[in-house]
Each structure stands twice: as structure tokens, then as C-alpha cells.
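These notes are about the structure you will find just below.
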Amino acid sequence: MDFALADEHLMIQEVAREFAQKKLAPRAAEFDETGQLDRELIHEMGRLGLLGIIVPEEYGGSGMDHLSYVIAMEELAAGCSSHTSVVGLHNSLFGYPLLSFGTEEQKQKYLPPICSGEKLAAYSLSEAGSGTDAASLNCTAVDKGDHFLVNGTKLWVTDGDIADYILLFVRTDKDAGAKGITALLVDVPTKGYSAAKSEKKMGFKASPTNELSFNNVLVPKDNVLGEIDAGFKVAMETLNSGRISVAAQALGIARAAFEIAIKYVQERRQFGKPLAAFQLTQAKIADMQTKLHAARLMIHHAAWKKDRGEGIIEEASMAKLFASEAATAITHMATQLLGGYGYTPEYHVERLYRDARVTEIFEGTSEIQRLVIAREALKRYAI
Ligand SMILES: Cc1cc2nc3c(=O)[nH]c(=O)nc-3n(C[C@H](O)[C@H](O)[C@H](O)COP(=O)(O)OP(=O)(O)OC[C@H]3O[C@@H](n4cnc5c(N)ncnc54)[C@H](O)[C@@H]3O)c2cc1C
């Protein structure tokens with residue numbers, strides 16, 4: 001689809017596609033096997049401007065729009081979803097809230113090194129007892145005048161053990177629910193801090209997911225992002241905006257599986273014909289292609305609206321819901337179309353199937369997207 005794309009969109013698509021197909025896709029199975037990200041490739045993504053696509057040039061970014069960003073995310077995820085998560089983190093989960101809520105000093109300090117890839121960033125909201133119900137988080141920060149003292153444990157932190165900076169959400173008022181949460185920019189501390197080994201996961205294996213422990217960690221007050229006790233708004237606005245990015249990631253994973261399957265069914269012969277000659281195969285191809293197309297249109301539309309400064313709560317949730325469920329369905333169909341080989345690593349669709357699944361879970365589960373969409377629709381059609 002290119003009817004709505006300008007030259008700059010086609011250019012970043014080309015840059016991201018070439019990098020993904022030359023540097024990520026050929027090694028994606030190795031990354032899955034070893035469970036390791038390649039730091040040199042992260043630096044290269046920085047040099048290509050991919051780690052700060054939506055960050056203005058004055059802060060070391062590429063100064064491009066959200067449409068450019070989702071186009072790049074699709075391409076990168078078609079290569080390796082774990083490395084693509086670093087791009088999502090730096091743009092959506094760390095860069096975007098800094099741009100929206102940060103002071104000039106904070107932007108100048110934190111944005112250039114995350115755009116270049118010199119430093120890595122993480123976003124830490126979830127805890128053992130607080131996932132979907134993020135407002136119930138417990139990790140505490142006690143006001144000590146010019147600094148906070150942080151104590152508690154966070155869970156599920158992507159890139160937690162390799163991050164240099166963490167956008168950390170803490171409780172600053174124990175009786176105020178969502179209104180007692182503060183966002184802190186934490187330079188990974190040397191004292192009182194530890195990151196546990198990565199969780200063992202079904203997919204996204206090269207992307208570390210860690211538990212982080214804070215024991216009397218001192219964070220200066222200057223590191224509050226936004227206002228004290230107003231961090232829940234930072235968390236939610238960040239996630240709302242990040243949904244189009246996860247949707248694009250899901251789309252890229254799904255497209256990679258589709259491209260493998262559509263070649264395979266034309267080569268593999270049974271009953272004297274290529275599998276592609278059977279109408280049941282064609283039905284799957286049609287369903288996969290339709291889902292890909294619909295997901296891309298929804299994602300591009302939401303990104304386009306965001307670039308016009310319009311609210312996209314409903315569009316972003318619909319794009320994430322649809323694209324992530326489409327990715328699960330498409331990778332499932334691709335596995336089926338490859339028969340026995342679909343179940344082995346040889347043709348990569350089993351990895352893509354595993355990688356697709358989490359896009360329905362992180363940054364708001366499918367259930368939560370449905371609740372958001374229904375809430376917005378009911379508001380609009382209220383009688
Ligand atoms: C690989 C991976 C990476 C992650 N990275 C990060 C990260 O970098 N930073 C971070 O902060 N978190 C991260 N997460 C955490 C992720 O955002 C949470 O797992 C997710 O929000 C769901 O929370 P939970 O796991 O506690 O599930 P729960 O909230 O316990 O939900 C369990 C099930 O109940 C459903 N449910 C919950 N409430 C309702 C309701 N009101 N109505 C209907 N159904 C409901 C959910 O949809 C889900 O199906 C990551 C998770 C994974 C798996």
C-alpha cells in the first residue's frame with residue numbers, strides 16, 4: 001500500500017527493509033537460539049536513525065512522523081522481532097514520554113544517547129501484583145527532600161538487565177490509587193539495584209525480560225518526569241501511543257510468515273499439483289492477505305491521524321487488537337500450510353508463530369483493547 005505515502009515514507013521503508021533483510025532476517029534463528037541481542041546491530045540501527053525516528057533532529061533523532069515510524073517497525077519486525085523491540089522501546093516507550101513530558105534538560109540528557117544506541121532504555125510499569133491493573137502498583141518512592149528513596153520489585157521489564165536508563169513508575173502516595181504514582185527517569189544505579197536473569201519465554205527469545213529489584217535506591221527529584229503523583233497519565237499516554245508500534249511489529253511478523261508460506265505452496269507438490277492449486281490452500285492465502293492488508297490500513301490510518309494531532313485512543317486500540325490477533329492467525333495458517341516443516345525451525349514459521357503470540361499480551365492485552373474500544377464507542381453513541 002503506498003497511496004498515502006510520501007517520498008520520505010518510501011525512503012525509510014527502503015532503509016529499514018534493506019537492514020532487516022540483510023542484517024536481521026538471516027540471523028533471526030541464531031538470535032532465537034542464543035537468546036542474545038547483537039549490540040553492534042543496535043548501534044547500526046542508531047546510525048540509520050531508526051532508534052529515534054520520531055525524535056526531533058535537535059535531540060539526535062530523525063525528526064520523522066509516526067507514519068514513517070510504523071512503516072519502519074513493520075519492516076524491522078519482518079527481520080527479527082527481538083531487535084525491533086529495542087526500536088519500539090526507544091521511540092515509543094522512552095522517547096515519546098520524554099518528548100511529551102520532559103524538561104529541556106531531561107530531553108538533552110537522555111534523548112541523544114538513546115537515539116544513537118550508545119545507551120539502552122527500558123520502561124518499567126508492571127509488577128507481580130499489578131499487570132493490567134497498573135494503578136495498583138506498589139514499588140514505593142519516599143520523599144527525602146531533594147531525592148526519593150525507591151524500594152520494591154518490578155517485573156517483565158524488556159531489556160531490563162541491559163538498560164542504562166529506566167522509565168520507572170513508583171508509588172508516591174499510598175492512599176491515592178492512580179493519583180499517587182510518579183514517573184522517574186532512573187540512571188541505572190550501581191548501589192541497591194539488581195536485575196534477575198531473563199524470564200524463559202515462548203518467543204521473543206533474544207529480547208531480555210527481567211525482574212528488577214530496588215533496595216533504598218536514591219533518585220534525585222530532578223529526575224521526575226512530569227509532575228509528582230501524575231505519573232499514571234505518563235504511563236497511559238505512553239501506552240496509548242505505543243499501541244500502533246506493537247501493531248506494526250505484529251504486522252511485520254505476520255508478513256514474514258505469509259511470504260514464506262506463499263512461496264512454499266507454489267513449490268511443494270502433492271497429488272501431482274502444487275499445494276497452491278488446491279482451493280483450500282487458496283482460501284488460507286486469501287484470508288492471510290486480507291488480514292495483512294486490513295491491519296496495515298488500520299495502522300497507517302491511526303499513525304496518520306496522530307501526525308495530524310488528533311486523538312487516536314480508539315484507532316490505536318483497534319489497530320493493535322486487529323493486527324496482533326491477525327498475526328497469531330496468519331502465523332498459525334502459515335505453520336499449517338507448511339505441514340511437517342511448519343513445525344520445525346527450518347522454515348522459520350514456527351519461530352514467527354511463537355513471536356507473534358506476545359503481541360496480544362504486552363502493552364495492553366486484547367481484552368483491554370476490547371474494553372477501550374467498547375468504552376469509546378459507547379461514549380460516541382451514548383443515548
Ligand atoms: C515478553 C513480555 C515483555 C513485557 N515487557 C514489559 C515492559 O517492558 N514493561 C512493563 O512494564 N511490562 C512489560 N510486560 C508486561 C505486560 O505488559 C503484562 O504482562 C500485561 O500488561 C498483562 O499483565 P499480567 O501479565 O499481569 O496479566 P493480568 O493482568 O493478570 O491478566 C491476565 C488475564 O486476565 C485478563 N484481564 C485482566 N483484567 C481484566 C479485565 N478487567 N477484564 C477482562 N479481562 C481482564 C487479561 O487480559 C489477561 O488475559 C511484558 C510482558 C511480556 C510477556
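The values are calculated or read from the model by the stated rules, or taken from the named source; none is laboratory data. Nothing here was measured: the structure is a model prediction, and the numbers come from that model. Virtual Cβ from ideal backbone geometry, glycine too; neighbours counted across all protein chains shown.
Odds and ends about this structure:
- Residue selected from region 120-134 under the condition crowded, with 17+ Cβ neighbours inside 10 Å and in contact (Cβ under 8 Å) with a residue 40 or more places away in the chain, by the criterion farthest from the ligand (Cβ to nearest atom): Leu120
- Breaking point among (1) modelled with pLDDT under 95; (2) crowded, with 16+ Cβ neighbours inside 10 Å, for Ala323: (1)
- Options Ile285, Ile253: the member that is at pLDDT 95 or above and either crowded, with 21+ Cβ neighbours inside 10 Å or in a strand (DSSP E or B) (or both): Ile253
- Residue in region 306-317 that is assigned to a helix (DSSP H, G or I), within 16 Å of the ligand (Cβ to nearest atom) and either under 21 Å from Thr132 (Cβ atoms) or not assigned by TED's automatic domain parsing to the domain that holds Leu24 (or both) present: yes
- Helices (runs of 4 or more DSSP H) fully within region 63-115 that include at least 1 residues being touching a residue at least 60 places away in the same chain (Cβ under 8 Å) and over 18 Å from the mean Cα position of the chain (by Cα): 96-101.
- Neighbours by Cβ (under 8 Å, 6+ apart or cross-chain): first from region 194-223, near the ligand (Cβ under 10 Å from one of its atoms); second of a type in the set (S, T, N, Q) and in a loop (DSSP other than H, G, I, E, B): Pro208/Ser198; Thr209/Ser198; Asn210/Ser198
- For Ala382: the one exception among (1) under 23 Å from Arg268 (Cβ atoms); (2) outside any helix (DSSP H, G or I): (1)
- Filter pass, Ser68 being of a type in the set (Gly, Ala, Ser), outside the structural domain of His300 (by TED's automatic domain parsing) and surrounded by 20 or more Cβ atoms within 10 Å (Cβ to Cβ): yes
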